[in-house]
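Data first, discussion second: the structure below is written as structure tokens.
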Amino acid sequence: MSIPLTEIFAYMEEIAPASSALGWDNVGLQVGDPGGAAKSILLALDMSPKVVEEAEEMGAELIITHHPLIFRPLSSINFNAVEGSIVRHLIQSNITLFSAHTNLDRSDEGTGVTLAKMLELQDIGHYSDDPANELNLAITGRYETPRTFRELSDLFCRKAGCNHLRVIGHPEKISSVVVIPGSGGSLISKIRKQFDLILTGEISYHEALSALYQGKSVAVAGHYYSEKPVMHHLKNLMEERFPNLNLKVSDKDGEPFR
């Protein structure tokens, strides 16, 4: 049985209201007809030609991604460019594309909270309760019994499917943690409270030096591994709301680095 896309989009609005996205972001419908319907949905962190092919193979009428395909205004849709070729492929295959980005990051069912739960943290909350503050993206939590960095690293890698974490500083016994999925490097210097560890997905060399000089311990998981877990959580949520839908998390949107 097909579900109207309007119902699916309304549920996404419940989980991650578009109004909560940061001002520079571009969320919601990216390509397609909002008046359509779907029996099958593919969930992917990123949009790529392989993801479109994967959607075709499963007969998906809708792809929901975390990272928007159309992030900045397009001056043209060039079929020889990656974005243009994907747009053409989507239209030709009658597949709708929808994205939930920083609005999903800030959600209580979103990227950071999912990561904090995966790390088995307790007392999970937002670093800032001010929706206008970008530090609202940072999620805090704690352990009643302190864990070693090795224990935390092993737990994360086992659940996220990665091989290692890179680390800045010398975290030892860890009780308090803040997680910033994705590109959190620019926010780390704005974290004023003391935490035993900050875990993020991506940080630049100079941001890493700054964190080191400030005496902060930072674990760097990789952008992909810090955000992919939310797509599995989103699948579980959507299966509960729409039990008749065929839902799949993409296995074609993998980590680009080797």
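The label point for GLN194 and the one for ASN163, both projected 7 Å from the Cα toward the Cβ, are 3.7 nm apart.
The calculated 222 nm mean residue ellipticity attributable to helices in the chain amounts to -10000 deg cm²/dmol, summing -39500 (n - 2.57) over DSSP H runs of n ≥ 4 and dividing by all residues. Within a straight-line Cα-Cα reach of under 27 Å, LYS190 can be paired with the following lysines, leaving aside sequence neighbours fewer than 8 residues apart in one chain: LYS117, LYS173, LYS216, LYS228. Take the Cα of LEU212, step 7 Å toward its Cβ, do the same at LEU155, and the gap between the two points is 2.7 nm.
Based on protein heavy atoms only, the chain ends up with 49 Å² per residue of surface accessible to a 1.4 Å probe. Label positions at GLU172 and SER128, each projected 7 Å from the Cα along the C-beta direction, are separated by 3.3 nm.
Among the protein heavy atoms of segment 127-253, carbon and sulfur supply 46% of the accessible surface, probe 1.4 Å, non-protein parts ignored.
The values are calculated or read from the model by the stated rules, or taken from the named source; none is laboratory data. Given the structure is predicted, the values throughout are model-derived calculations rather than measurements. All Cβ positions, glycine included, derive from the backbone under ideal geometry; neighbour counts span all protein chains shown. Accessible surface areas use protein heavy atoms only, side chains included; no ligands, DNA or RNA. Shrake-Rupley method; radii C 1.70, N 1.55, O 1.52, S 1.80 Å.
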